[in-house]
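Below is one structure, written out as structure tokens, with a few remarks after it.
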Amino acid sequence: MAKTDNQPMQDDELDLFFEAARQDVAEPSDALMAAIMADAQAHMPVVDPLPAPKAQTKGWFASIWSAIGGLPAAASLATATVAGVWIGFTQPVQLETLSGGLVLAGDYVTTDTSYALEDLAPGYLGTTLFAEDEG
Amino acid sequence: MNMALDAYEGASDEALLVLYGNGDPMAAQLLTHRLAPRVLGFATRLLGGDRAEAEDVTQEAMLRLWKQAASWRSGEAQVSTWLYRVVSNLCTDRLRKRRTVDLDAAGDPEDGQPSAVENMMDVDRATALQDALNRLPDRQKVAVTLRHIEGATNPEIAQIMGISVEAVESLTARGKRALAKDLAGRREELGYGED
């Protein structure tokens, strides 16, 4: 049976038209492709390259600093220096006490308060005392 | 160079756009080869077969894509969807501007443009469909072209046109009905008179 112009096309008929349109692929001209690529080049985002690592060059001070051991060594050195200065400028009376008399800080040659041997060791000269008592 | 292009062949459009955004010109080359024919085909159909104007639209749409590359938000939209939307808007603007021009005259294919369709019957069908599409309201034309020629899904069309999926279904249904009625009048001419 012939279909009349009054009858709308069915889906399968219409699909033939869509299929024909799908096959009609547009081929861009070379000029268009070149123009698009030129735009792409012109508007390509500029990406900053990663900065090159700087060469590690040490100055003379940094060399000495690292040679002596850095901050811990410098702290020890400073402590020792301060202690030396303190010992040099102060009367080291405490030093005598701390050393148990091994280090004598006082002037024991001219002082009146020096002790005689019998004061320190009464038993050592005991016989003399007895002799004097016996007179 | 071709080996490098081959290596990019499996990459998605979005991945290529990110590569281009990172300063890779080869990604732009592949994207152009991949997208420009589709954009041109879509623009040509929306503009009633005006190839020269469609090429202008294609270049403009691709230019906007390049400019968008640096700020492209990953995962938000497909590159092709975004492009179809740009093309749709550009074509709609141009169609509005030339509203006074005779649509039949605008629909004539340009001389000297070889068709990719070899079969004469298919050439006639494609031409007849284009003529019928040109007589559709713009939104129906966009929806039907995207759905039945470009192969987009309804949710994609909804995203491209900025409308709901239900509105897309309504537009494509009405568009198809109008096409079916319009093309029925050319049955004899296109050799559909007999079963």
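Only the coordinates and a few stated rules stand behind these numbers; no lab work does. Note that the structure is predicted; figures quoted are calculated from it, not measured. Note that each Cβ is placed from the backbone with ideal geometry, even for glycine, and that neighbours are counted across all protein chains shown.
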By counting other Cβ atoms within 10 Å of each Cβ, how are B:Lys141, B:Lys97, B:Lys181, B:Lys176 ranked from fewest to most?
B:Lys97, B:Lys181, B:Lys176, B:Lys141
For each of B:Tyr8, B:Tyr84, count neighbouring Cβ atoms within 10 Å of the residue's Cβ, then give the residues from fewest to most.
B:Tyr8, B:Tyr84
If you rank A:Met37, A:Met9 by fewest surrounding Cβ atoms within 10 Å, what's the result?
A:Met37, A:Met9
Phi-based couplings in Hz for region B:78-86 (Karplus 6.51, -1.76, 1.60; Gly and Pro marked x)
6, 4, 5, 4, 4, 5, 4, 5, 4
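Say R0 is 22 Å: what FRET efficiency, to the nearest 0.05, do B:Arg34 and A:Gln23 get from their beta-carbon distance?
In this case the efficiency is close to 0.70.
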³J(HN,Hα) computed for each position of region A:11-21 - Karplus, 6.51 cos²θ - 1.76 cosθ + 1.60, integer Hz, glycine/proline x:
4, 5, 5, 5, 4, 4, 5, 5, 5, 4, 5
Length-normalised contact order for chain B - Cα pairs under 8 Å, 6+ apart - percent
20 percent
P(r) for region B:141-195, please, calculated from all Cα pair distances in 5 Å bins and given in %.
4, 21, 24, 16, 12, 10, 7, 5, 0
Select from region B:1-88 those trypsin sites (Lys or Arg not before Pro) which occupy a DSSP coil region and have at most 11 other Cβ atoms within 10 Å, ordered by residue number.
B:Arg73
Inter-site label distance for A:Gln10 and B:Lys181 at 7 Å from Cα along Cβ, in nm:
2.1 nm
What Kirkwood Rh does region B:1-89 have if only Cα atoms enter the pairwise 1/r average? Answer in Å.
13.4 Å
What list of ³J(HN,Hα) values in whole Hz, one per residue of region B:150-164 in order, does the Karplus curve 6.51 cos²θ - 1.76 cosθ + 1.60 (θ = phi - 60°) give from phi, with Gly and Pro shown as x?
7, x, 6, 7, 4, x, 5, 5, 4, 5, 4, 8, x, 10, 7
In nanometres, what is the gap between the two model label sites at B:Asp138 and B:Arg174, each 7 Å from Cα along Cα-to-Cβ?
1.5 nm
So for chain B, taking the charge dipole from beta-carbon charges (+1 Lys/Arg, -1 Asp/Glu), which of B:Met121, B:Gly49, B:Ala143 sits furthest toward the positive end?
B:Ala143
Chain B - convex hull of alpha carbons, volume per residue in Å³:
150 Å³
